[in-house]
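Input: a single structure, listed below in structure tokens.
Every number here is computed from the coordinates shown, using simple stated rules; none is lab data. What you see is a predicted model, and the numbers here were worked out from it, not measured in a lab. Quick reminder, even Gly has a Cβ in these numbers, built from the backbone with ideal geometry, and neighbours come from all protein chains shown.
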Amino acid sequence: DGMRQFMDCDLWFIVSDRISTPILPIRPIITMVYDYLQRYENVMSPSISQQFLRTARSADKVFVTTSFTQSDALQYAGIEPERLVQMPMLIPAFSEHPNDIIDIVEPYFIWTTNAAPRKNHVEVIKALKLYYEEYGGTLACKVTGVDTVDIPKGKLPHTKPIKSLLKQSAQLRSN
């Protein structure tokens, strides 16, 4: 780092639109928008929402990961189509790996979430129970994300039913 305060960068790629202050546009800027939840739920004040929208609107390009967010970026945020890029969801094709590598790694899938009530954790656990018990699911479920360690313990009010669901199913607990 030449200590040039990011002035030695050709492009600033900010992996969020959740910026609370304006960014001085002295370099090309790309922002990443994951959702516009504030359009559907009262999760933030209107002034904060407006700042996040200004961040996306002032970027040279806006990256999104889903067609749903792309639609919201066009209709709700007012991003011009030529500045909007939908990124592909990159999922590894494990079947393309040599068998010796697969034998070493436990087969699993990742559930990325957080502890927010809107994530419908109880419904997901019910679906996982169905996957393991009725459909003979063989992939383990690895849970990742902010504050997810307490979800299986049912410590949060909206996750209390999860504890009893896990008690009912050995397959669910082990996966």
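What FRET efficiency comes out for the pair F109/I26, r = Cβ-Cβ distance, R0 = 30 Å, nearest 0.05? For F109 and I26, the calculated efficiency is 0.10. Between the listed residues L24, V143, M7, the Cα displaced farthest toward the positive end of the dipole of the chain, a dipole computed from Cβ unit charges relative to the Cα centre, is found at V143.
Computed over the chain, the per-residue total of -39500 (n - 2.57) for DSSP H runs of n ≥ 4 gives a 222 nm mean residue ellipticity of -9000 deg cm²/dmol, rounded to 500.
Quick one: net charge of Q70's neighbours, Cβ under 12 Å, K/R +1, D/E -1? Residues close to Q70 contribute a combined charge of -1. Using the Kirkwood radius built from alpha carbon pairs, what does the Stokes-Einstein equation give as D for the chain at 10 °C and 1.306 mPa s, in µm² per second? D = 82 µm²/s. Here K126 is the anchor, and the lysines within straight C-alpha reach of less than 19 Å, apart from those fewer than 8 places off in the same chain, are K142, K153, K155, K160, K163, K167.
How would you classify region 104-175 from its alpha-carbon gyration tensor, with a ≥ b ≥ c the square roots of the eigenvalues: rounded for a/c under 1.5, else prolate if a/b is greater than b/c, otherwise oblate? Taking the square roots of the gyration eigenvalues as a ≥ b ≥ c, region 104-175 is oblate. Placing a label point 7 Å from the Cα of I19 along the Cα-to-Cβ direction, the residues of region 52-80 whose backbone N falls under 20 Å from that point are 52-65, 70, 73-74, 76-80.
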